[in-house]
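Working notes, beginning with the structure itself.
The values are calculated or read from the model by the stated rules, or taken from the named source; none is laboratory data. Keep in mind it's a predicted model, so treat the numbers as computed, not measured. FYI the Cβ positions are ideal-geometry reconstructions off the backbone, even for glycines, and counts take in every protein chain you see.
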């Protein structure tokens, strides 16, 4: 199993032990993983990567469990990467997301892996990106990333997921929480879980109102580019008749719009998008009610997630989003390499020296930074 | 860098008493280990499959229902079937002294009965891991 080609071959074939072993290599940043990941690269980019994020206790794991069941019912192979926090003091962790998903443990079409953050901030572990790629190459059709319980700014999941499901629950705070920047801006599909509890109607309303106001204010949001592209395609194809000719995957196109258009069937309390009095129909993402415990609303949620994927593909936004994310990840990896070069013994001394002269007010901060940059430009310190 | 030890804590069998398992889980976490907690009423098949996917170094099982003589050896049998030979397997719970030799013969590395000090369990794990860094 130590041979990279053999490990890659077995992981590609869906061998659970090989996949698991490889993920452990990723987690401990074993340099030997790189040869395997390079071999697997050609088989990545096929899975639909779905992020599930939201505050602690919102029911993300239970929801993930039910989403897995729904996707399995649709004949898809599903992997879940569930992230929980490590203790900043001992490094230990209790990874408990799996408790809710044990019914899938013996299903050959499901692979579940728990990751501890191991000091990484942002709601994911450092190993998440490479882990998702391994599962993608292993042939899982959907890869679900469940983030740690997030607060207000853990938004790394947007860099990895094609579709982000933002899970909220009643009773978290007043309506100002919904208009703060950060986590609430990153959803492609919104979901209010535990919708059988008091106050869920209010949360649904507040999220819709937040989204509608973002549109009215012309704010840049994660969903705006997609909705603009959909609107353009709608206009180009005449919005109705003849659309079949212009749009190859028309059912996906229509279903995405249908989700957003309020209909009589919703009876005014519909959770599929919404309208603002006097403004007509505004294009906002789906805001759905679920009760993960019983599975209520999960089918509609999965429909919305799949419609989002179809809309991304149809508009070309899937490629744009993935390219932007890879560019970001390349930048981040490069920054990591630069930091590693600063760790070099000779350079570390030089950095300390520069820091000293900044502290003694002999050099200013920015001259010191320029000097460091010149130093990194040379092969040797 | 030390390899982070991953322990799958599982409750096979039908009893609903998970206090002991949770105490162990917390102690192992505080010792710097990553504990994958799988909850109540797991079958040996679920435990082995989860341990493989999680690449666990250790499986720690607790039973208070009396079914240990059946369920513990069944886990070992499944591990052998899947050719997993590098996972340390521990048992705990209400287990009569007379049953312990048989369980060890079946491949359970150690049995910790009520009252076992958690530091002893942590030491045992650290000293008996089957995989080295």
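Structure notes:
- When the test is whether a residue is out of contact with any strand residue (DSSP E or B) (no Cβ under 6 Å at 6 or more places or on another chain), surrounded by fewer than 17 Cβ atoms within 10 Å (Cβ to Cβ), at pLDDT 95 or above and more than 8 Å from chain A (Cβ to nearest Cβ), residue B:41 does not pass it.
- Whichever residue in segment A:126-147 is in a loop (DSSP other than H, G, I, E, B) and more than 14 Å from chain B (Cβ to nearest Cβ) and, among such residues, is modelled with the lowest pLDDT: A:147
- Restricting segment A:18-37 to residues that are part of a helix (DSSP H, G or I) and free of Cβ contacts under 8 Å to residues at least 12 places away in the same chain, the residue that is nearest to residue A:112 (Cα to Cα): A:24
- Against the numbered list (1) within 14 Å of chain A (Cβ to nearest Cβ); (2) over 28 Å from residue A:86 (Cβ atoms); (3) at pLDDT below 90, residue B:66 comes up short only at (1).
- In segment A:109-125, residue nearest to residue B:28 (Cα to Cα) [restricted to those that are surrounded by fewer than 24 Cβ atoms within 10 Å (Cβ to Cβ) and either at pLDDT 95 or above or away from every other protein chain (no Cβ under 13 Å) (or both)]: A:120
- Going through (1) in a helix (DSSP H, G or I); (2) at pLDDT 80 or above; (3) surrounded by 15 or more Cβ atoms within 10 Å (Cβ to Cβ) one by one, residue A:257 falls short only on (2).
- Leading residue by the ranking (farthest from the other protein chains (Cβ to nearest Cβ)) among those in segment A:63-106 that are surrounded by fewer than 17 Cβ atoms within 10 Å (Cβ to Cβ) and under 24 Å from residue B:43 (Cα atoms): A:73
- Test: residue in segment B:4-16 that is within 21 Å of residue A:83 (Cβ to Cβ), assigned to a loop (DSSP other than H, G, I, E, B) and within 14 Å of chain A (Cβ to nearest Cβ): yes
- Search result, residues across segment A:75-93 that are in a loop (DSSP other than H, G, I, E, B) and in contact (Cβ under 8 Å) with a residue 40 or more places away in the chain: A:76, A:77, A:85
- Whichever residue in segment B:85-100 is without any contact (Cβ under 8 Å) to a residue 60 or more places away in the chain and crowded, with 18+ Cβ neighbours inside 10 Å and, among such residues, is farthest from the other protein chains (Cβ to nearest Cβ): B:95
- Residue in segment A:14-23 that is out of contact with any strand residue (DSSP E or B) (no Cβ under 8 Å at 6 or more places or on another chain), under 16 Å from residue A:129 (Cβ atoms) and within 13 Å of another protein chain (Cβ to nearest Cβ) present: yes
Every residue, every condition in (1) touching a residue at least 40 places away in the same chain (Cβ under 8 Å); (2) away from chain A (no Cβ under 12 Å); (3) buried (at least 21 other Cβ atoms within 10 Å of the Cβ); (4) in a strand (DSSP E or B), yes or no:
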| site | (1), (2), (3), (4) |
| --- | --- |
| B:21 | yes, no, yes, no |
| B:32 | no, no, no, no |
| B:45 | no, no, no, no |
| B:48 | no, no, yes, no |
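- Conditions (1) at pLDDT below 95; (2) within 11 Å of chain A (Cβ to nearest Cβ); (3) touching a helix residue (DSSP H, G or I) at 6+ places or on another chain (Cβ under 7 Å): number failed by residue B:36: (1)
- Residue within segment A:38-61 that is more than 20 Å from residue A:133 (Cβ to Cβ), touching a residue at least 60 places away in the same chain (Cβ under 8 Å) and within 14 Å of chain B (Cβ to nearest Cβ) present: yes
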